[in-house]
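Enquirer: I'd like to ask you about the structure that follows.
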Amino acid sequence: MARAYRPPGACGICVAASALSSTRQAVGELKTGLGGADFQHIIVFFAVDHDAATLNQALAEAFPGVPVSGCTTAGEIGPAGMMQGGILAIAFPRHGFKVHS
């Protein structure tokens, strides 16, 4: 199950993480964890165990029209603490933020 975190206050930033080894299943968990908000940009940190092309395609399908930036990691720090082999997503809402990539 994805761990999700919403920082206190009304900023709207959402964070979710999945430790699933299947990239597509992990993205499904991230989508559930992030909820149905209207996101402007998503930043993704992922273990090298996940194929970048597969991850990119799965994210494009899960979050159509939302730009994604990301990089591989040697470990991910998410809502549940440190994990290895996972994916962490930080989603910025459309309103209140301007992200330029």
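FYI, it's all coordinate maths here, none of it is from the lab. On a predicted model such as this, the values are computed, not experimentally measured, just so you know. FYI the Cβ positions are ideal-geometry reconstructions off the backbone, even for glycines, and counts take in every protein chain you see.
Enquirer: Among the residues of the stretch 48-55, are any surrounded by 18 or more Cβ atoms within 10 Å (Cβ to Cβ) and under 19 Å from Ser22 (Cα atoms)? Don't jump to the end; show me each part of the working.
Expert: Our first condition is that a residue be surrounded by 18 or more Cβ atoms within 10 Å (Cβ to Cβ); within the stretch 48-55, this holds for 50, 55.
Restricting the remaining residues to those that are under 19 Å from Ser22 (Cα atoms) gives 50, 55.
Within the stretch 48-55, one or more residues are surrounded by 18 or more Cβ atoms within 10 Å (Cβ to Cβ) and under 19 Å from Ser22 (Cα atoms).
Enquirer: Still on this structure, I have one more. Would you list the strands (runs of 3 or more DSSP E) that sit entirely within the stretch 15-95 and hold 2 or more residues that are in contact with a Gly (Cβ under 8 Å, 6 or more places away or on another chain)?
Expert: Details: elements: 39-47, 68-73, 76-78, 81-83, 87-93.
Where strands (runs of 3 or more DSSP E) fall fully within the stretch 15-95 and carry at least 2 residues being in contact with a Gly (Cβ under 8 Å, 6 or more places away or on another chain), they are 39-47, 76-78, 81-83, 87-93.
Enquirer: Also, I was wondering about something else. How about the stretch 60-84: which of its residues are over 13 Å from Val44 (Cα atoms) and out of contact with any helix residue (DSSP H, G or I) (no Cβ under 6 Å at 6 or more places or on another chain)? Give the steps one after another, and end with the answer.
Expert: So in the stretch 60-84, the residues over 13 Å from Val44 (Cα atoms) come out as 61-62, 64-65, 74, 79-84.
Within the stretch 60-84, Glu61, Pro64, Gly65, Ala74, Pro79, Ala80, Gly81, Met82, Met83, Gln84 meet the criteria.
Enquirer: Looking at the stretch 30-42, which of the residues that are surrounded by 20 or more Cβ atoms within 10 Å (Cβ to Cβ) and in contact with a Lys or Arg (Cβ under 9 Å, 6 or more places away or on another chain) is nearest to Pro79 (Cα to Cα)?
Expert: Per the stated criteria, the residue is Gly33.
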